[in-house]
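**Q** Below you'll find the structure I mean.
The values are calculated or read from the model by the stated rules, or taken from the named source; none is laboratory data. Just so we're clear, the structure is a prediction, and the values are computed from it rather than from any experiment. Ideal geometry is used to build each Cβ from the backbone, glycine not excepted, and the neighbour counts take in all protein chains shown. We work out accessible area using only protein heavy atoms, side chains counted, and drop any ligands, DNA or RNA first. Shrake-Rupley method; radii C 1.70, N 1.55, O 1.52, S 1.80 Å.
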Amino acid sequence: MVNEELIAGIRRQLQGAADPARAAGAQAYLKSDMPALGVRVPEVRKITKASAERWPCGSVEELRATVLSLWRSASFREERYAAIDLTGSRLAKGRLEMLPVYEEIIRSGSWWDLVDGVAHRICDLLRTHRPELERILRSWSEDPDLWIRRSAIIAQLGAKTATDPELLAAVIEPNLADREFFIRKAIGWALREYSKTDPVWVTQLVERHEAALSPLSRREALRNLPQQDQALRPAEAETAG
């Protein structure tokens, strides 16, 4: 059952907070065909949280149906942000049945702002359902969809000491030759974050794959490490995708 009151409440408040001048800039920045309302992300989160408290979902099944309904029927970018924010509910935390929702968001969202929004949700699932998620992420790392591959690579962001380095290497290595900017950036991002926990491991992986690793990925991976670990190859120009 879809929580129609919740969806209507979110839409009503987003419309009330709309900023047409900012909307045009946001749509241009994101290179999106979907119009924006011009509501800042923190305000979207505030609206979504307040609405979910006023019209709460009673079960994970209702939450799933509501998230998918809002996502699929969205007319504005911020409605999709709100759908992602709803998945932060305690009802969804660690629930494996939410994975198909996240996968639909990734495959149909097909852009960094939407795809990266569910990265922490997948990380939570990995912590609570490690055998299933490890198998899935290894499969995702070789999926034809670049956004699914990106999601596999960044799935352990924020895991810190709970990171599985073997899995991290396993999802990165099939993508080393990929020339897509968002894959190269994801590799560097994932390694940079893990370097805060295990700089030696990251340095060794970079050295091991020096010939295959793109300059962009390498530079990002070593950004927080001592300067002498970074001077092996000239920098690759970065252009936002």
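**Q** Tell me, which residue of the stretch 109-131 that is in contact with a helix residue (DSSP H, G or I) (Cβ under 6 Å, 6 or more places away or on another chain) and not in a helix (DSSP H, G or I) is surrounded by the fewest Cβ atoms within 10 Å (Cβ to Cβ)?
**A** Ser110
**Q** Being surrounded by fewer than 18 Cβ atoms within 10 Å (Cβ to Cβ), in contact with a helix residue (DSSP H, G or I) (Cβ under 7 Å, 6 or more places away or on another chain) and modelled with pLDDT under 95: is that true of Leu68 here?
**A** So Leu68 does not fit the description; no.
**Q** On to the next question. Among the residues of the stretch 17-37, what is the count of those that are more than 21 Å from Ser69 (Cα to Cα) and either open to solvent by 40 Å² or more (accessible area, probe 1.4 Å) or free of Cβ contacts under 8 Å to residues at least 24 places away in the same chain (or both)?
**A** Here the count works out to 12.
**Q** Taking the stretch 80-108 as the region of interest, how many residues are open to solvent by less than 10 Å² (accessible area, probe 1.4 Å), of a type outside the set (A, V, I, L, M) and either at pLDDT below 95 or assigned to a helix (DSSP H, G or I) (or both)?
**A** Going through the stretch 80-108 one residue at a time, the tally reaches 1.
**Q** Report every pair of residues separated by at least 6 positions or lying on different chains whose Cβ atoms are under 6 Å apart, first residue within the stretch 161-173 and buried (at least 17 other Cβ atoms within 10 Å of the Cβ), second of a type in the set (Asp, Glu) and in a helix (DSSP H, G or I).
**A** Sorted first by the residue in the stretch 161-173, then by its partner, the pairs are Leu167/Glu134.
**Q** While we're on this one: Is it the case, given these coordinates, that Val39 is under 23 Å from Leu137 (Cβ atoms) and either over 19 Å from the mean Cα position of the chain (by Cα) or modelled with pLDDT under 95 (or both)?
**A** no
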